[in-house]
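Values quoted throughout were computed directly from the atomic coordinates according to the rules given, and no laboratory measurement underlies them. Just so it is clear, the structure is predicted and the values come from calculations on it, not from any experiment. As a convention, Cβ positions derive from the backbone with ideal geometry for all residues, glycine included, and neighbour counts pool all protein chains shown.
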Amino acid sequence: MRNYVLKRLVIAAATLLAILLVLFLMLELMPGSPFNDEKITDAQRALLNAKYGLDQPVLARFLHYVGAMLTGDFGVSYVIQKNMPISNMLAGRLPVSIQIGLQAVVLGTAIGLLLGIVAALRRGSFADSFTTFIAVIGVSFPSYVFALGLSYFLGSKYKLFPILYTTSKPLISTVLPTIALSMFTIATVARFARSEMVDVLASDYLLLSESKGVGRRRLIYVHALRNALIPIITVLAPLVVGLMTGSLVIEQIFSIPGIGSLLVTAIQVNDYNVILAVTFIYSVMFIAIMLIVDILYGIIDPRIRLAKGENHG
């Protein structure tokens, strides 16, 4: 297991370095610069480029950036908050996005699994039809539609929750965006959980276990659910990253001071360092989640670990 994990850590580190290089080159090829103010003369723009090291060769800047980043230094903001360390900007925004994302993941996964399992056990019943309805609705409508509906009914009409995020009520302010973000996860997990559970429950080895007297509850929650989890985790992994880093539109609707809204602002004003830092954080989270999923595969089903050559690692 140790070699299995170490091999994937090396691959993850190499992938992150490649992503950082691609991001750096893409920003280099972007039109314009952080200093697009018409009032700035060419001489002043040249001084600003020299001050921030933007007049250096791309490779030299990239190596310097990687070295600084390894110490937690993402540089400073050029435009949004001039000379403000980006690590300070992220410190106040990243926890908010992660909090709402984690809440949406937990809520969506729990409800989706419950609906999917019940629907699989009671095929053809009202519960099955209800789960199918929820899955269709959750996949068909984008999260911002649910956000607007929740804002109107629960926020404006019945005034149960605040419409806009407020630091005085940080927990209750996240209820509506959490529900809105979790709808797609609920629908996706419910659909896959039902499908996988139906297949597993009809498999020969499960029927054999049942004939040998294995209890119904143990049969479902130990044997069937464990085998159904692998494809569900595969589907859930990319969703987790999107939810943890926050939806750009959801953060705009509820005025959430997260990294999604920061990225939108940075792109609008060409704040290169902020764009690079936020997109790199997205990449780190995605690769970290996929790494965790890969390790979970080996824990849930050791055959996968062996098939990937742990003994030869």
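Span-like helix check, the chain: qualifying full DSSP H segments, with Cα axial length of 24 Å or more and mean Kyte-Doolittle of -1.0 or more, are 2-29, 86-121, 175-201, 225-244, 272-300.
Potential lengthening of the chain between Asn3 and Lys39 amounts to 7.2 nm, from the contour at 0.36 nm per residue minus the alpha-carbon distance. Here the extension length gained between Val264 and Glu210 equals 14.0 nm, from 0.36 nm per residue of separation less the Cα-Cα distance. Straight-line reach from Lys169: taking Cα to Cα under 26 Å and skipping same-chain neighbours fewer than 8 places apart, the lysines in range are Lys157, Lys159. The share of Cα pairs per 20 Å bin across the chain, counted from zero up to the longest distance, runs 26, 48, 23, 3, 0 percent.
Peptides 123-136, 203-216 ranked from most to least packed by the mean count of surrounding Cβ atoms within 10 Å: 123-136, 203-216. Between Arg226 and Ala202, the simple label model (points 7 Å from Cα in the Cβ direction) yields a spacing of 2.4 nm. Suppose each label sits 7 Å from its Cα in the direction of the beta carbon; what would the Leu47-Ala110 distance come out to in nanometres? Each label point is offset 7 Å from its Cα along the Cβ direction, giving 5.8 nm. Under the simplified labelling scheme, the Phe153-Ala68 pair shows an inter-label distance of 4.9 nm, with each label point 7 Å from Cα along Cα→Cβ. Net charge dipole, the range 16-145: roughly 320 debye, given to the nearest 20, about the Cα centre with Cβ charges of +1 for Lys and Arg and -1 for Asp and Glu. Both the radius of gyration and Dmax for the range 88-263 are 18.7, 61 Å, in that order, over alpha-carbon atoms. The magnitude of the dipole of the chain, with charges of +1 and -1 set on the Cβ of Lys/Arg and Asp/Glu and taken from the Cα centre, is near 1000 debye. Per the Kirkwood formula applied to alpha carbons, the range 221-275 shows a radius of gyration over Rh ratio, Rg over Rh, of 1.27. Between Phe141 and Ile172, the FRET efficiency estimated from the beta carbon spacing at R0 = 25 angstrom works out to 0.55. Secondary-structure-derived ellipticity at 222 nm for the chain, considering helices only, amounts to -23000 deg cm²/dmol, per-run term -39500 (n - 2.57) for DSSP H runs with n ≥ 4.
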